[in-house]
1. Could you identify the single residue in A:Q21, A:Q32, A:Q16 that is closer than 20 Å to A:F126 by Cβ and free of Cβ contacts under 8 Å to residues at least 12 places away in the same chain?
2. Any residue that is within 15 Å of DNA strand C (Cβ to nearest atom), in contact with a Phe, Trp or Tyr (Cβ under 7 Å, 6 or more places away or on another chain) and either within 28 Å of A:F223 (Cβ to Cβ) or assigned to a strand (DSSP E or B) (or both) - is there at least one of those in segment A:62-69?
3. For segment A:83-133: of the residues being within 10 Å of DNA strand B (Cβ to nearest atom) and basic (K, R), which is modelled with the lowest pLDDT?
4. With respect to the numbered conditions (1) at positive phi; (2) surrounded by 16 or more Cβ atoms within 10 Å (Cβ to Cβ), which one is the sole condition not fulfilled by A:G39?
5. Mind checking which residues of segment A:101-119 are in a helix (DSSP H, G or I) and surrounded by fewer than 17 Cβ atoms within 10 Å (Cβ to Cβ)?
6. Looking only at segment A:141-172, filter to residues that are assigned to a loop (DSSP other than H, G, I, E, B) and hydroxyl-bearing (S, T, Y); which one of those is modelled with the lowest pLDDT?
Amino acid sequence: MAAPEAELVLKWEREQARLRQNVKEEDTEDWQRNADFSGLERVGGVDLSFIKGDDINACAHLVVLAYPHMKVLYEDCKMVTLNAPYVAGFLGFREAPPLLQALEKLKNVQPNLMPQVLFVDGNGLFHYREFGLACHLGVLSDLPCVGVAKNLLHVEGVVRSEEHQSQALRSSQSSIKPVYVSVGHRITLDTAVRLTHNCCLYRVPEPIRQADIRSREYLRCNFLTSDIT
DNA sequence: GCGACAG
DNA sequence: ATCTTGTCGC
């Protein structure tokens, strides 16, 4: 069957165009206006980890850290089954559902720990149609979101050059490889970049890093692939 | 034209 | 996303 995805992609493009209209590229929170972000106490991070040969079962992780200490206040991990395939440019349709469920769960069990801003592993407006995973998650949850990608997405009109990486951010002088920060929802690029900087202990902002480390750890302990002979 | 292309 | 050990350096 040649490209059963074509039809799906067209449907997805329409959906992204529709949801794109709801993205807010402005600072909507009071803490975002403060130079020191006073008023900000909780920052969240989400990530999915997979087992080597399996691309439909994954571990969905949500963490909430205290700002600015970056100490873990909440952690939720759950094995999920993904329905959509990975297609560059449509990450949201694959990863947003389980992550939204994790946020929904948090709202029910510990509403007081709901993060005031969420760091998402992937792009926001820096996307083919200006609607990456961070926007997708932002619009559907209506939570301020920041997109942080570890690799460059080749968007037409944007060339890979050091000079053009105005969105690139290097956490320390020792790390040359940049991360790409973009607006997800309810935040400006300037605020997103400043916040990201403040949340970086290493190259990747701590919320995302913790979600990544912990989800991997979970898989390592529960789904060992090595056999005992 | 072919390849590239977040996770 | 995932496969993967040691190693050099602060």
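The values are calculated or read from the model by the stated rules, or taken from the named source; none is laboratory data. Please read these numbers as outputs of a predicted model, since none were measured by experiment. All Cβ positions, even for glycine, are placed from backbone atoms using ideal geometry, and neighbour counts span all protein chains on display.
1. Result of the check over A:Q21, A:Q32, A:Q16: A:Q21.
2. Among the residues of segment A:62-69, not one is within 15 Å of DNA strand C (Cβ to nearest atom), in contact with a Phe, Trp or Tyr (Cβ under 7 Å, 6 or more places away or on another chain) and either within 28 Å of A:F223 (Cβ to Cβ) or assigned to a strand (DSSP E or B) (or both), which makes the answer no.
3. A:R129
4. Going through the list (1) at positive phi; (2) surrounded by 16 or more Cβ atoms within 10 Å (Cβ to Cβ), A:G39 breaks only (2).
5. Those that are in a helix (DSSP H, G or I) and surrounded by fewer than 17 Cβ atoms within 10 Å (Cβ to Cβ): A:Q101, A:E104, A:K105, A:K107, A:N108, A:V109, A:P111, A:N112, A:L113.
6. Taking the candidates together, the pick is A:S166.
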